[in-house]
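Notes follow once the structure below has been shown.
The values are calculated or read from the model by the stated rules, or taken from the named source; none is laboratory data. In this text the structure is predicted, and so the values were computed from the model without any measurement. With ideal geometry, Cβ positions are generated from the backbone for all residues, glycine too; neighbour counts draw on all protein chains shown. Accessible surface areas use protein heavy atoms only, side chains included; no ligands, DNA or RNA. Shrake-Rupley method; radii C 1.70, N 1.55, O 1.52, S 1.80 Å.
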Amino acid sequence: MATATAYTFFFSSTTFVRQYSKSQQYGLSDRKCKPNLGLLMVKAQSNNSYYRSQVREEDIVIVGGGIAGLATTVSLHRQGVGSLVLEQGESLRTGGIALSLYKNGWRVLDAIGVGSDIRSQFIELQGVIIQSVDGRVLKAFNFKDEDESQEARAVERGVLLKTLASQLPPETIRFSSKLTKISRRHIGDDTMLELADGTRLSAKVVIGCEGIGSPIAKWMGFPEPKYVGYCSIRGLGYFPNGHSYQNNITNINGSGVRAGWFPVSSTKIYWNISFKRDSPGPKISDPDELRKQSKDLLRGWPAETLLNIIDHTLDDTIIRAPTADRWLWPGLNPLAYSGRVVVVGDAWHPMTPNLGQGASIALEDSVVLGRKLAHAVKSGSSSSVEEALESYERERWPVVFPLAIKANLLGEVLQTRNSIVGYFRDNIFIPRLNPQSMFKHTNFDVQPLGLHTK
């Protein structure tokens, strides 16, 4: 989940270049938009033991029914290309409470046809207020004053997922479908997926969208995401009769602890507290204990507003989680694709929530991949699909690699326990922040999709 924050660690403009090996060539047969969900008997082949039993054949399989998975599916569907989504849960994963979307995320949602439906349900945030623990306002600004095109809203994850799912043909999403094994004899072959219920699928293209613990990313050779040294507690305050809080993102920075909150709707307020911890520690799910920990972390702070929001937090929305990321150093990490298997969003580039960009960047991935892959499927050339995946990696890696580093380093500055760095943060760094530079990474232009018409 992405946590909105008011800062961007400014870097000079650098062009990132990655070297690529020549692609393997293969084809993808034409398929209608409606996914093929029929169980097919495949003739036994003496040189391939996979096909000696019943196997379900699919052209494109998307593993994971989260934001990245469903947005990719909708992007493909809008262009007349069908796919099958495997979601391990019994229903949509609506946990994660709320997430922040800036103009780059909204441009993607508009491009795939769901922006208006979602936008109307949530408050547009007006600006940012950054405070110190002694109550000083270190920086305050209005989004529209700095960039008329900026749009910031908090969105409930469940609403976003349900809206995306509603755009898809029936039976596109297959629930209770936990992936247990992925295999492939040769890099140009179809990929075999085995599920916990015994189902076996042969897929021409596999798109991994399972989030930060992606089994597909692990199979491709990506290292486990690294714990960055702090955890967060977050929740959703509920005021059934409405609240009177300003429509701003408010952040307070302390020594090793920082907190923030912002309205989601007229009745709900999202909040989060991040705190330094040498190890993730034990998993705690008891809401009363998490409320107590949250209040203890805020002791002595000018946080009466946040304390009130915590008191009004729904039990099933308050969670604690460690923070982790992965830096995609060239040569130390595999490419985003291997043959016809590719990863998207947090499955590829988990990043810390310090820029509030996790969901928006996953949406960017989905529409870029969807456009390139749909074009490749329709072209029918033997090498077009892998060229599309290579082009996706080439376009997105220079975006996601520096952004993950930027988010991590920003968190180190904001989360510091060092008194000297803290003085620099509160008296020099934050007061001199340039809002236009802070949100430069949201300047994403969506190329038109080749929309499918009946």
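Pairs linking a residue in region 385-413 that is among the aromatic types (Phe, Trp, Tyr) to a residue that is in a helix (DSSP H, G or I) and open to solvent by 10 Å² or more (accessible area, probe 1.4 Å), with Cβ atoms under 6 Å and 6 or more positions apart or on different chains, are 392/372.
Once region 219-229 is narrowed to residues that are assigned to a strand (DSSP E or B) and open to solvent by less than 50 Å² (accessible area, probe 1.4 Å), the residue that is nearest to residue 92 (Cα to Cα) is 228.
The rows are residues; the columns are (1) over 20 Å from the mean Cα position of the chain (by Cα); (2) aliphatic (A, V, I, L, M); (3) at pLDDT 95 or above.
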residue: 214; (1), (2), (3): no, no, yes
residue: 229; (1), (2), (3): yes, no, yes
residue: 251; (1), (2), (3): yes, no, yes
residue: 257; (1), (2), (3): yes, yes, yes
residue: 265; (1), (2), (3): yes, no, yes
residue: 275; (1), (2), (3): yes, no, yes
residue: 288; (1), (2), (3): yes, no, yes
residue: 294; (1), (2), (3): yes, no, yes
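Go through the residues of region 102-109 one by one and say whether even a single one is assigned to a loop (DSSP other than H, G, I, E, B), within 23 Å of the chain's Cα centre (by Cα) and surrounded by 15 or more Cβ atoms within 10 Å (Cβ to Cβ). Checking region 102-109: at least one residue is assigned to a loop (DSSP other than H, G, I, E, B), within 23 Å of the chain's Cα centre (by Cα) and surrounded by 15 or more Cβ atoms within 10 Å (Cβ to Cβ).
Evaluate region 307-328: report whether one residue or more is open to solvent by less than 40 Å² (accessible area, probe 1.4 Å) and free of Cβ contacts under 8 Å to residues at least 60 places away in the same chain. No; the residues of region 307-328 include none that is open to solvent by less than 40 Å² (accessible area, probe 1.4 Å) and free of Cβ contacts under 8 Å to residues at least 60 places away in the same chain.
Of all residue pairs spaced 6 or more apart or on separate chains, none has beta-carbon atoms under 9 Å together with a first member in region 358-369 that is more than 17 Å from residue 326 (Cβ to Cβ) and outside any helix (DSSP H, G or I) and a second member that is open to solvent by 10 Å² or more (accessible area, probe 1.4 Å) and of a type in the set (D, E, K, R).
Among the candidates 171, 156, 151, 146, single out the residue that is touching a Pro at 6+ places or on another chain (Cβ under 9 Å) and surrounded by 15 or more Cβ atoms within 10 Å (Cβ to Cβ). Write out each step before concluding.
On the way: 171 fails: surrounded by 15 or more Cβ atoms within 10 Å (Cβ to Cβ); 156 fails: touching a Pro at 6+ places or on another chain (Cβ under 9 Å); 151 fails: touching a Pro at 6+ places or on another chain (Cβ under 9 Å).
That would be 146, the only listed residue that is touching a Pro at 6+ places or on another chain (Cβ under 9 Å) and surrounded by 15 or more Cβ atoms within 10 Å (Cβ to Cβ).
Taking each residue of region 87-107 that is under 26 Å from residue 215 (Cβ atoms) and looking for partners that are among the aromatic types (Phe, Trp, Tyr) with beta-carbon atoms closer than 7 Å, six or more apart or interchain, yields 87/175; 89/175; 90/175; 91/175; 97/270. Filtering region 371-383 to residues that are open to solvent by 10 Å² or more (accessible area, probe 1.4 Å), part of a helix (DSSP H, G or I) and under 18 Å from residue 341 (Cβ atoms) leaves 372, 377.
Can you pull out every residue in region 387-442 that is part of a loop (DSSP other than H, G, I, E, B) and touching a helix residue (DSSP H, G or I) at 6+ places or on another chain (Cβ under 6 Å)?
Taking region 387-442 and keeping what is part of a loop (DSSP other than H, G, I, E, B), we get 415-418, 430-434, 439.
Once the filter is applied, which keeps residues that are part of a loop (DSSP other than H, G, I, E, B) and touching a helix residue (DSSP H, G or I) at 6+ places or on another chain (Cβ under 6 Å), region 387-442 yields only 416.
Of all residues in region 195-218, those that are in a loop (DSSP other than H, G, I, E, B) have Cβ atoms under 6 Å from Cβ atoms of residues that are hydroxyl-bearing (Ser, Thr, Tyr), 6 or more apart or on another chain, in 196/180. Residue count for region 353-374, restricted to those that are out of contact with any Phe, Trp or Tyr (no Cβ under 9 Å at 6 or more places or on another chain) and under 20 Å from residue 229 (Cβ atoms): 2. Looking at 118, 130, just one residue is in a helix (DSSP H, G or I), of a type in the set (Val, Ile, Thr) and surrounded by 18 or more Cβ atoms within 10 Å (Cβ to Cβ), and that residue is 118.
Does residue 180 satisfy being more than 22 Å from residue 362 (Cβ to Cβ) and either assigned to a loop (DSSP other than H, G, I, E, B) or not basic (Lys, Arg) (or both)? Yes. Of 417, 396, 432, all but one fail to be closer than 21 Å to residue 325 by Cβ, surrounded by fewer than 16 Cβ atoms within 10 Å (Cβ to Cβ) and charged (D, E, K, R); the exception is 417.
The single condition among (1) within 19 Å of residue 252 (Cα to Cα); (2) touching a helix residue (DSSP H, G or I) at 6+ places or on another chain (Cβ under 7 Å); (3) open to solvent by 50 Å² or more (accessible area, probe 1.4 Å) that residue 299 does not satisfy is (2).
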